[in-house]
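Asks: Submitted below is the structure of interest, expressed as structure tokens.
None of the figures in this text is laboratory data; all of them are computed from the coordinates on show. If you're wondering where the values come from, they're calculated on a predicted model, not measured in any experiment. Because the Cβ atoms are built from the backbone with ideal geometry, glycine has one as well, and the counts that use them run over all protein chains shown.
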Amino acid sequence: MKFFEILYRHGRKKSIIVISASSKIDAMKSFQNRQIGILVKIKEVKEPLSLKLKKIQDSIKSPIKKKRVNTENYISVLNQLAIMLDAGMPINICLSEAIKSTEDKMLNAILTNIYQDVEEGRGLSESFRVYAIQLGNLSVSMIDLGEQTGTLAESIAKLADILQNIHDNRIKLKKATRYPLMTIGAMAIAFSVVITFVVPQFASMFNQMGTELPLPTKILIWIEQAITNYGVYVVISAVMLMVVFNKMYNSHESIALKTDQYMLRVYIVGVVTKYAMLGRFIYIFNILVKAGIPIIDSLRAAIDIVDNRYMKQQFEKIRGAIEDGKSLYIGFLESGMFNSMILQMLKAGEDSGGLNKMLDKITIYYAKKYDDIIDNVSTMIEPVLIGAIAGFVLVLALGIFLPMWSMADSMM
């Protein structure tokens, strides 16, 4: 969109107005339609500061933000729409009822805008596409499929099932990591309390005795002094570093790719992430292919739902292979994300014409694999926690008791 400054005359008075348009001719037409005066001069200008400020103000006030809507609330709305559409109700009435029933401000505003678009004659998928960031590209693909095939109710129901499956897997992961995270938090609090309140008391006593302090005690005293003198600066620096890194991650594709690739190598985190993304990709791809969506479009929608950017880049190789006329097996092989067993199953399915059955089996395989990992997350983390607790107790014990034993030996 461009901006044009128009000098016009109304009677003997001259005034200036700025109009946004795609071209100078469109700007002149827009000015003529307003019938506010006679055009004298027109020129293209940069976006006025007042308009920039107004956009910022509107974005702050608007309930629609550039982030995903609440998944649970969105699933509830989708289920409601699917039931009403299946009962034969018109889409505008369904949207109207959904707007009345949802209390989520952002979702309510989006549905209201979609309802207005539908009332004006726009297609439902076209309206959903405007909010692809908030609702996801998968929503756009499923709604578009429903409109093209005349099975809108069924497509929305499948969309709700897909999002529910993804949401359930996230809940499983949160439950599995709750205990380890609580343990780590308790350890951090205990360590901070001991370092801040206990160690200084012993340090002053050891200094009064004038004895040579062992290395563990010196380490504890050094940590205590660092926290006391520089703790605030360390916290501020850490927060600033996180903010800068987050900004660089979101704005530089190369940094995001390297970070996500490294995360796949991190103990436990990498395994959980890998199987979660693989399972999600295969599950969505399988459902979309079954629904009759072309393989290219199914791959595009399945890739969009993957969070890890490195894995997303690798999955893009599958779509590139299909566009080059290669088989699905070759695409999966070139991605480098699947083991030989999965590749052989896929090849057998393609060769025998039973691709859907093989995709079903692969989906079940990854679902079980993910569940097994989630069920054993606590077991996998236990050695790390035990090692951390043992190290904490050992350093604390040596740092406090070694000087006391030395003092006792000197007195004896």
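Asks: Among 249, 282, 160, pick out the residue whose Cα is farthest towards the positive end of the charge dipole of the chain, where Lys and Arg carry +1 and Asp and Glu carry -1 on C-beta, about the Cα centre.
Replies: Of the candidates, 249 comes out farthest on the positive side.
Asks: Right, something else. Determine which aspartates and glutamates satisfy two conditions relative to residue 174: a Cα distance under 16 Å, and not lying fewer than 8 residues away in the same chain.
Replies: Qualifying aspartates and glutamates at Cα under 16 Å: 72, 371, 372, 375.
Asks: Taking 0.36 nm per residue of separation and subtracting the Cα-Cα distance, what length does fully extending residue 181 through residue 380 add?
Replies: Numbers: separation 199, 0.36 × 199 = 71.64 nm, distance 1.33 nm.
Stretched fully, the residue 181-residue 380 segment lengthens by 70.3 nm.
Asks: Compute and list, largest first, the equivalent-ellipsoid semi-axes of the chain from the alpha carbon gyration tensor, each √(5λ) rounded to a whole angstrom. Could the numbers behind the result be given before it?
Replies: Working: eigenvalues 583, 270, 87 Å².
Three semi-axes, in Å: 54, 37, 21.
Asks: While we're here: My understanding is that a pair violates if its Cα-Cα distance is over 30 Å; which of 105/357; 105/317; 326/357; 67/100; 65/317; 247/369 do that in this structure? List each step's numbers first, then the result.
Replies: Working: 105/357 42 Å; 105/317 39 Å; 326/357 21 Å; 67/100 22 Å; 65/317 32 Å; 247/369 34 Å.
Result: 105/357; 105/317; 65/317; 247/369 exceed 30 Å.
Asks: Quick one: which residues, 5+ away or cross-chain, put their amide H under 5 Å from the amide H of residue 47? H built at 1.01 Å from N.
Replies: For residue 47, no residues qualify.
Asks: For the residue pair residue 398 and residue 9, what label-to-label distance in nm results when each label sits 7 Å from Cα along the Cα-to-beta-carbon direction?
Replies: For residue 398 paired with residue 9, the spin-label model returns 9.3 nm.
Asks: I've got another one for you. Compute, for the stretch 286-412, the length of the dipole vector about the Cα centre, with Cβ point charges of +1 (Lys, Arg) and -1 (Asp, Glu) only. Units Debye, rounded to 20. Walk me through the numbers before you get to the answer.
Replies: Values: 12 positive and 15 negative charges, 70 e Å.
Result for the stretch 286-412 is approximately 340 debye, rounded to the nearest 20.
Asks: Which net charge results when you count Lys and Arg as +1 and Asp and Glu as -1 among the other residues whose beta-carbon is under 11 Å from that of residue 107?
Replies: Result for the local shell: -1.
Asks: Another question, if that's okay. Quick one: 3J(HN,Hα) in Hz for the stretch 279-287, Karplus 6.51/-1.76/1.60 with θ = phi - 60°, rounded, Gly and Pro as x.
Replies: So the Karplus estimates, Gly and Pro as x, are x, 5, 4, 5, 4, 6, 4, 4, 5 Hz.
Asks: Suppose only helical runs count, i.e. DSSP H with n ≥ 4. What mean residue ellipticity at 222 nm does that imply for the chain under -39500 (n - 2.57) per run, divided by all residues and rounded to the nearest 500 deg cm²/dmol?
Replies: Details: 19 runs with 315 residues, N = 412.
Rounded to the nearest 500, it is -25500 deg cm²/dmol.
Asks: Extension gain residue 356-residue 297, at 0.36 nm per residue separation less the Cα-Cα distance, in nm?
Replies: Numbers: separation 59, 0.36 × 59 = 21.24 nm, distance 1.62 nm.
Length difference between fully extended and current span is 19.6 nm.
Asks: Any chance you could tell me what percent of the C-alpha pair distances in the stretch 294-358 go past 16 Å?
Replies: Working: 967 of 2080 pairs.
Cα-Cα pairs of the stretch 294-358 separated by over 16 Å account for 46 percent.
Asks: Right, here's the next one. Can you list the equivalent-ellipsoid semi-axes of the stretch 71-161, largest first and in whole Å, using the square root of 5 times each Cα gyration tensor eigenvalue?
Replies: Working: eigenvalues 52, 41, 40 Å².
Working from the Cα gyration tensor, I get semi-axes of 16, 14, 14 Å.
Asks: Pick from 330, 156, 36: which is most flexible by mean-square fluctuation in a GNM of the chain where alpha carbon atoms under 10 Å apart are linked?
Replies: Maximum fluctuation in the GNM of the chain, among the listed residues, is at 36.
Asks: Contact order normalised by length for the chain, with contacts defined as Cα pairs under 8 Å and 6 or more residues apart; what percent is it?
Replies: Numbers: 390 pairs, mean separation 53.0, N = 412.
Value for the chain: 13 percent.
Asks: What spacing in nm lies between the two simple spin-label points modelled at residue 371 and residue 390, each 7 Å away from Cα in the Cβ direction?
Replies: Once both label points are built, they end up 3.4 nm from each other.
Asks: Given +1 on the Cβ of Lys and Arg, -1 on the Cβ of Asp and Glu, and no further charges, what dipole in debye does the chain carry about its Cα centre, rounded to the nearest 20?
Replies: Working: 47 positive and 38 negative charges, 417 e Å.
Roughly 2000 debye, rounded to the nearest 20.
Asks: Each residue of the stretch 182-199 in order: what ³J(HN,Hα) in whole Hz does its phi give by Karplus 6.51 cos²θ - 1.76 cosθ + 1.60, θ = phi - 60°, with x for Gly and Pro?
Replies: 5, 5, 4, x, 5, 4, 5, 5, 4, 4, 5, 5, 5, 5, 7, 10, 8, 4
Asks: Given the pairs 29/66; 290/347; 172/274; 274/368, which span a C-alpha to C-alpha distance of over 22 angstrom in this model? The partial results should precede the final answer.
Replies: Details: 29/66 33 Å; 290/347 18 Å; 172/274 15 Å; 274/368 14 Å.
Cα-Cα > 22 Å for 29/66; rest within.
Asks: Out of residues 5 or more away from residue 2 or on other chains, whose amide H comes under 5 Å of its own, with H placed 1.01 Å from N in the peptide plane?
Replies: Here the answer is 21, 22, since their amide H atoms fall under 5 Å of that of residue 2.
Asks: Looking only at trypsin sites (Lys or Arg not before Pro) in DSSP loops with at most 16 other Cβ atoms within 10 Å, what is the longest site-free stretch of the chain? Spell out each step's value before the answer.
Replies: On the way: sites that count: 12, 46, 65, 66, 67, 68, 122, 265, 326.
No qualifying site falls inside 123-264, the longest such stretch.
Asks: Next question, about the same structure. Assuming 0.36 nm per residue, please report the length gained on full extension of the stretch residue 24 to residue 344 beyond their Cα-Cα distance.
Replies: Numbers: separation 320, 0.36 × 320 = 115.20 nm, distance 5.95 nm.
So the extension gain works out to 109.2 nm.
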